[in-house]
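FYI, it's all coordinate maths here, none of it is from the lab. In this text the structure is predicted, and so the values were computed from the model without any measurement. Backbone-built Cβ (ideal geometry, glycine too); neighbour counts: all protein chains shown.
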Amino acid sequence: MKKLFLTALMTLGFASLMIAQNVTFTIVKTDGVSTSYDMSSDAKIYYSDTQLFLKSNGETVSYNLSELRKAYFTAPQDVEEVDNQQLTIYPNPAKDVLRINNLTDNQLVTIYSINGAVVKKIIASGDTEIDISNLNAGIYIIGVGNEFSKFIKM
């Protein structure tokens, strides 16, 4: 699942690189620390079973996949559309309901299983509750726009 998630993330990011000259890749670790990287046109993101590697402007950094909470790409044209409210997904772990705050109007929310299969898709706005009571216990990835986060279903 991590490989599918990372492959999708890289595909979206490099599509953004082709459209916009200045793309930023941001990594948020499970401890809440976030780091952003300006991606040059020769940037590369690749991974192994346990590590995510980022090479840009001649510098290579790596992250342990188990320490990542989310990662996303942004381009300068996105900045004008972003408001000061951050997307919030909680509780984590969740049992029956997953809550998302600060969605934009009619935003696609997709939940992926650990195997990479889409298990749920909804269109939502504002503050939303998603019924996850029918999902099996395990780790899932939730995608909202260009942001992806993992959550645990109890």
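Tell me, what HN-Hα J-couplings in whole Hz come from the Karplus equation 6.51 cos²θ - 1.76 cosθ + 1.60 at θ = phi - 60° for each residue of segment 118-126, using x for Gly and Pro?
The phi angles translate into 6, 9, 6, 9, 9, 9, 9, 9, x Hz.
Please give the length that would be gained between ILE152 and SER125 if that part of the chain were fully extended, namely 0.36 nm times their separation in residues minus their C-alpha to C-alpha distance (nm, one decimal). Present the calculation step by step, with values, prior to reporting the outcome.
Details: separation 27, 0.36 × 27 = 9.72 nm, distance 2.27 nm.
Taking 0.36 nm per residue and subtracting the Cα distance, the gain is 7.5 nm.
Could you work out how much longer the chain between ILE139 and ASP38 gets when fully extended? Use 0.36 nm per residue separation minus the Cα distance between them, nm to one decimal. Intermediate results must be reported in sequence, preceding the final value.
Numbers: separation 101, 0.36 × 101 = 36.36 nm, distance 2.99 nm.
Contour length minus the Cα-Cα distance gives 33.4 nm.
Residue-wise, which Karplus ³J(HN,Hα) couplings in Hz belong to segment 139-144, taking 6.51 cos²θ - 1.76 cosθ + 1.60, θ = phi - 60°, and x for glycine or proline?
9, 10, 10, 10, x, 9
Could you compute the FRET efficiency for SER66 and ARG99, with r as their C-beta to C-beta distance and R0 at 30 Å, rounded to 0.05?
On the way: r = 25 Å, r/R0 = 0.82.
Efficiency computed from Cβ-Cβ geometry: 0.75.
Consider just the alpha-carbon atoms of segment 88-153 and return their Rg together with their Dmax, both in angstrom.
Expressed in Å, the Cα Rg and Dmax of segment 88-153 come to 10.7, 30.
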